[in-house]
Amino acid sequence: MNKNIIFVFSGTGNSLKVAKDIAAALGDCDIISMGRETRYYLIGGYETIGFVFPTYYRGEPIKVREFITRLNLQRNKNAYYYAVTTTGRYEGNTLRHIKKLLKRKGTTLHYAKALDMFSNYVIAYDMRDTVEEETKKSEIDFAPLLQAIKNREINQVRGIKPLVVGVNYFCRLTTIIFAGSPLSFFGRSCCRDCVAGLLRCGSWAH
Ligand SMILES: Cc1cc2nc3c(=O)[nH]c(=O)nc-3n(C[C@H](O)[C@H](O)[C@H](O)COP(=O)(O)O)c2cc1C
C-alpha cells in the first residue's frame, strides 16, 4: 500500500497536472479520480490525503462535494489533510467549504491553497493567447505550495463576504440557464466543447 493518496477532479487537465506533480514529489502516492468514482473505500494508514480540483463559480464542483461527503475518513484520523483548488483567478469560498465539510466529518483540513492557472472558463470569453506566460507564473506559484505540502505545513483558510457569495450564486444560476437552454449560444458552445463530457445540451451535469 502507498503512504499517500490524492483525490483529483479535473475537467481540462490543470488539476490533474497539479495532482501528478504533488504525487511525484511525495512518492508512494495513489491518484484517484473523483469524477469517475462516486464512492471509494478508503483503507486506513495513509500519511497524507489530498484533494485537488478546480473552482467552479467560486465554489467546489458538485461532484467533488458529493465524493467527499460520501468518503469515510474514520480510518485515517491522523493523516495530514490538504486541498488545492486550481482557479482562473477567484477561488471565492471553495477551500472554506472543503474545510467545513471535513470538519463535519470529524477531520481537520491542515493546509489549503488556491493556484491560479490558465483558465478554461470559455463560456464567457475566447481562449486567451497568454497560455505560456500564465503557465510559467503558475509553475512559480506552485513551488512554495508543493514545499508546504511536503513539509506538512498548516495554514488558515480565508473566505469571502456574504454579498460576494450572493453575486456568485447569481452567476451560477445564469449559467445553469445558459447551459440548459437549447437556444442558448453559450450553452451550445459549452456542451459541444466539454472535453470531460460533463455537460450535456439540455441538462446541467456539473
Ligand atoms: C464552469 C466553470 C466555472 C468556473 N468558475 C471559476 C471561478 O469561479 N473562479 C475561477 O477563478 N475560475 C473558474 N473557472 C476556471 C477553472 O477553475 C480553472 O480554469 C481551472 O484551473 C480548471 O481546472 P481543470 O483543468 O482541472 O478542470 C471555472 C471554469 C469552469 C469550466
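Odds and ends about this structure:
- Karplus-derived HN-Hα couplings along the stretch 10-20 (A = 6.51, B = -1.76, C = 1.60, θ = phi - 60°), whole Hz, x at Gly and Pro: 8, x, 10, x, 4, 5, 5, 4, 4, 4, 5
- Approximating the spin labels as points 7 Å out from Cα along Cα→Cβ, the ALA124-to-ALA143 distance works out to 3.1 nm.
- Between the stretch 82-98 and the stretch 57-76, the alpha-carbon center distance in angstrom: 13
- Here the spin labels are modelled as points 7 Å beyond Cα on the Cα-Cβ line, and at VAL131 and ASN155 they lie 2.7 nm apart.
- For LYS136, the lysines whose Cα comes closer than 24 Å to its Cα, not counting residues fewer than 8 places off in the same chain, are LYS17, LYS20, LYS113, LYS150.
- Taking the number of Cβ atoms within 10 Å of each Cβ as an exposure proxy, the fewest-first ranking of LYS20, LYS136, LYS63 is LYS136, LYS20, LYS63.
- Residues whose amide H falls under 5 Å from that of ALA114, counting only those 5 or more places apart or on a different chain, are THR85, with hydrogens built in the peptide plane.
- Going by neighbour counts of Cβ atoms within 10 Å, the residues SER119, SER15, SER138 line up, fewest first, as SER138, SER119, SER15.
- For the stretch 87-158, the list of GluC sites (Glu not before Pro) that fall in a loop by DSSP and count at most 15 other C-beta atoms within 10 angstrom reads GLU153.
All of the numbers you see were taken from the coordinates with simple rules; none came from a lab. As the structure is a computational prediction, the values presented were derived from the model and not from experiment. Note that each Cβ is placed from the backbone with ideal geometry, even for glycine, and that neighbours are counted across all protein chains shown.
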